[in-house]
Amino acid sequence: MSETSVQAPPAAGAAARNGQPLLELQDVHTYYGHIHALQGISLEVHRDEIVTLIGANGAGKTTTLKAINGLLHPRHGKVLFDGRDVSHVPAHELVRAGIGQAPEGRRIFSRLTVLENLQMGGYTRSPREVAQDVERVFALFPRLRERARQNGGTLSGGEQQMLAIGRALMCRPQVLLLDEPSLGLSPILVQQIFAIIREINAQGTTILLVEQNALQALNVAHRGYVLQTGRVVLAGEAAALRQDEMVRKAYLGEI
Amino acid sequence: MQTQRSIRLPARLDGSQLPFVAAIAGSLVVAYALVGPQQFSNFLTIGAVYALIALGYTMVYGIIELINFAHGDVFMVGSFVALWILSGPLGLHGSIDNPALLAVVLVGLFLVTMLILGALGIFIERFAYRPLRNAPRLAPLITAIGVSFILQNIMQAFFGPSPVNSPQIFTLNARFDVAGASIGYLNVFIVAVAVALMIALQLFVGRTRLGRAMRSTAQDREAAELMGVDINLTIAFTFFIGSALAGAAGIVWVLYFGYAVFNQGFYAGLFAFTAAVLGGIGNTTGAALGGFVIGFLQVAAAQYGYSRWSEVAIFGVLVLVLVFRPTGLLGQQLGERA
């Protein structure tokens, strides 16, 4: 484990990163019972960036997202959102504050219709805004419009992922957390999902993307963090990480 | 925008609902043929009471997977609250013969009692069940039994151990004859109120923002939280509605049977729980259906001179249904989640 040796400097990047980060984790530690899951994660996400967290199973990627969205509260360290300490704010209030998430495994409400799933995504907003944004999501994912009256559980995996992303967009998040959006999808669908992630970002939503598919993630992201057993072992520009020897060996499947 | 606030039935009354509606209508005709007009009206009335209580069992189970064994006693408290309002503050002794006044009293009685009972439900959830939300499942279950004893004993302390008579505000001879049977207006009123409350509940759960939040929370609590749903508030509200409906059942009981007693919630609760399981626990339509099935079994057993066997019939049918349809008559099929 080469935790200290490969700490690349987070160089100034493509997206303008002056000033205060939109989202910042400072030395965050979390526990599941006695298990020390996150062992001091620090990271920054700036406005309009796509930042990716890559790493193996159990590295702490999903746990990091839970520390951000309020489902887990850090025992040490801080989560700052827009400069405000939100370490102990409950999850449902963070949605109002502007953190939206498409969770791991999609977690569609299978016995609600597609439309109702989207309406749930806009739970914190007024009915008129919801009606407008439903149209916006349908424009992004025309497939969902065709299926609007079907139950969520009847959709295919790819459609469910579109619904999960669309549902997360309904709260008009300032930062969108995406947890393994490509999981279980066919290669063509993976391409589609990543194209959509780019488009959402181009429309002005900051994205924090957790992926096992490191190559795709680094292609779409501006910057990345590599996690290993609850620590950040490497951070930098996505292009630099793609060239990094350790990343290539461990995560891009090169020998 | 076609997506919002157009008036459409939640149950989407299209062709797919026809077999269900036909089955219900057919069952009603068979029931009528079996027990005759007099007992038919009794069955609908008693079934309505069980159905109203069963809704609370099924909603609470749906959202936190707790069999709330205190729910029958919440119904019992509802009866006493109604009885007390009628004889205490209103000081009534006999019937109210002025229809307009009767209507005003009834509306007020339902509003006040249901609000008080809803508040009781929130109180019970807040102090008995919420602290145990992440405890092993046996803990809240046993707590529910404890709450049941507490409610029974409080009511016994206030009203004594014997049945307390309530003023009969409906004149007993307010009846009409149809098909050779004499039906009380009270029966008609009770069935109408129960059906209206059930339709209101379906509309609420099916069409409103809060109703959607309740269904989402029932399906995936964490995902609902990530949508911005305040889980505590939503669960508290579920208890409010379930307990208010039990309160309505309590009023109906007092109006119909003319008394309340501290342990009336035990059997009624047990039957209503059976109704909820029979219909498919977690499913509100199923709970209502189950309530009427149980009401029918009870009345039919009495009609044929086997009233002492009515419990055997009820639980026998429950066993049969669970053997052949483990998720109940209208239960969710297992393994639906992708």
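Applying 1/(1 + (r/R0)^6) with R0 = 22 Å to the Cβ-Cβ distance of B:E65 and B:L28 gives a FRET efficiency near 0.10.
For chain A, set up a GNM with springs between Cα atoms under 10 Å and report which of A:I108, A:I35, A:I207 has the largest fluctuation. Highest fluctuation among the options: A:I35.
Given a 1.4 Å probe, how much area per residue of chain A is accessible, in Å²?
With the other protein chains kept in place, chain A gives 41 Å² per residue.
Counting, for every residue in A:104-117, the Cβ atoms of other protein chains within 10 Å of its Cβ and taking the mean gives 4. Straight-line cross-link reach from A:K249 at under 29 Å between alpha-carbon atoms covers these lysines, not counting any fewer than eight positions away in the same chain: A:K61, A:K66.
Burial annotation for the range B:173-216: residues with an accessible-area loss of at least 20 Å² between the isolated chain and the complete set of protein chains, computed on heavy atoms with a 1.4 Å probe, are B:R209, B:R212, B:R215, B:S216. When DSSP beta bridges are restricted to pairs lying wholly in the protein assembly as shown, around 60% turn out antiparallel.
When you restrict to C-alpha pairs under 8 Å that are six or more residues apart and normalise by the size of chain B, the relative contact order lands at 34 percent.
The aspartates and glutamates within cross-link reach of A:K78, meaning a Cα-to-Cα straight distance under 19 Å and a gap of 8 or more places when in the same chain, are A:E24, A:D27, A:E44, A:E93.
In the context of the full set of protein chains, the range B:265-327 has a per residue accessible area of 46 Å² (1.4 Å probe). Dipole magnitude for the range A:96-255: about 440 debye, using +1 per Lys or Arg Cβ and -1 per Asp or Glu Cβ, origin at the Cα centre. A simple rule links phi to the HN-Hα coupling: the Karplus curve 6.51 cos²θ - 1.76 cosθ + 1.60 with θ = phi - 60°, which for the range A:74-87 gives x, 7, 10, x, 9, 10, 10, 10, 6, x, 9, 6, 10, 4 Hz, with x for Gly and Pro.
Given a Förster radius of 45 Å and the C-beta distance between A:A56 and B:I150 as r, what FRET efficiency does 1/(1 + (r/R0)^6) yield to the nearest 0.05?
For R0 = 45 Å, the calculated efficiency reads 0.30.
Comparing Cα centroids, the range B:70-124 and the range B:201-221 end up 27 angstrom apart. In this calculation the C-beta distance from A:H88 to B:L270 is compared with R0 = 41 Å, giving a FRET efficiency of 0.40. Simple rule: put +1 on each Lys or Arg Cβ and -1 on each Asp or Glu Cβ in the range B:191-272, find the dipole, and look at B:I231, B:V191, B:W253; the Cα lying farthest toward the positive end is B:V191. Label-to-label distance for A:R136 and A:R172 is 0.7 nm, based on points extended 7 Å past Cα in the beta-carbon direction. Segment A:R248..A:L183, full-extension length gain: 21.4 nm, with 0.36 nm per residue of separation and the alpha-carbon distance subtracted. Length gained on full extension, B:A139 to B:L18, computed as 0.36 nm times the residue gap minus the Cα-Cα distance: 39.3 nm.
Annotation for B:F324 and B:A100: the two label points, set 7 Å from Cα along the Cα-Cβ direction, are 5.5 nm apart. Taking both sides together, what accessible area is buried at the B/A interface, probe 1.4 Å, expressed in Å² and rounded to the nearest 100? Separately minus together, B and A give about 3000 Å² buried. Using 0.36 nm per residue and subtracting the Cα-Cα separation, the extra length available between B:E311 and B:N173 on full extension is 46.6 nm.
Pairs of Cα atoms nearer than 8 Å and 6+ residues apart set the relative contact order; for chain A it is 28 percent.
What shape does chain B take by its C-alpha gyration tensor, where a ≥ b ≥ c are the square roots of the eigenvalues and a/c under 1.5 counts as rounded, a/b above b/c as prolate, and the rest as oblate? Let's see the in-between values first.
Numbers: a/c = 1.44, a/b = 1.19, b/c = 1.21.
Cα axes put chain B in the rounded bin.
Counting Lys and Arg as +1 and Asp and Glu as -1 over every other residue whose Cβ lies under 10 Å from the Cβ of A:I54, the net charge comes to 0. For the range B:143-148, 3J(HN,Hα) computed residue by residue from phi via the Karplus equation (6.51, -1.76, 1.60; θ = phi - 60°) reads 4, 4, 5, x, 4, 4 Hz, glycine and proline entered as x.
GNM on chain B, alpha-carbon springs under 10 angstrom: the most fluctuating residue among B:I199, B:I24, B:I145 is B:I24.
Extending 7 Å from the Cα toward the beta-carbon at both A:Y32 and B:N263 defines two label points whose distance is 4.9 nm. Whenever you get a sec, compute what percent of the accessible area on the protein assembly as shown sits on carbon and sulfur atoms (1.4 Å probe). The computed percentage sits at 61. Once backbone amide H atoms are built at 1.01 Å from N, A:L234 has A:V226 as its partners under 5 Å, excluding neighbours fewer than 5 places away on the same chain. Burial here means at least 20 square angstrom less accessible surface with every protein chain in place than with the chain by itself, probed at 1.4 Å; in the range B:218-234 the buried residues are B:Q219, B:D220, B:E222, B:A223, B:E225, B:L226, B:M227, B:G228, B:V229, B:D230. For B:V77, tell me the accessible area in Å² from a 1.4 Å probe, rounded to the nearest 10. Answer for B:V77: close to 10 Å² accessible.
Rounded to the nearest 20 debye, the dipole size of chain B about its Cα centre is 480 debye, using +1 on the Cβ of Lys and Arg and -1 on the Cβ of Asp and Glu. Across the range B:265-327, the relative contact order, built from alpha-carbon pairs under 8 Å that are at least six residues apart, equals 27 percent. Residues in the range A:126-136 carry Karplus couplings, in order, of 6, x, 5, 4, 4, 4, 5, 6, 4, 4, 4 Hz; the curve used is 6.51 cos²θ - 1.76 cosθ + 1.60 with θ = phi - 60°, and Gly or Pro positions show x. When the range A:101-217 is described by a simple charge dipole with +1 on each Lys and Arg Cβ and -1 on each Asp and Glu Cβ, the residue from A:P187, A:Q212, A:F109 located farthest towards its positive end is A:F109. Computed about the Cα centre, the dipole magnitude for the protein assembly as shown is approximately 460 debye when only Lys and Arg (+1) and Asp and Glu (-1) carry charge, each at its Cβ. For B:F266, the accessible surface of its heavy atoms amounts to roughly 120 Å² (probe 1.4 Å, protein chains only, rounded to the nearest 10).
Starting from the Cα of B:S87, move 7 Å in the Cα-to-Cβ direction to define the label point; list residues of the range B:26-65 whose amide nitrogen is under 12 Å from there. Output list for this probe position: empty.
The values are calculated or read from the model by the stated rules, or taken from the named source; none is laboratory data. Just so it is clear, the structure is predicted and the values come from calculations on it, not from any experiment. Neighbour counts are summed over all protein chains in view; Cβ atoms, including those assigned to glycine, are modelled from backbone coordinates with ideal geometry. Areas reflect the complete protein model, heavy atoms only, side chains present, ligands, DNA and RNA absent. Shrake-Rupley method; radii C 1.70, N 1.55, O 1.52, S 1.80 Å.
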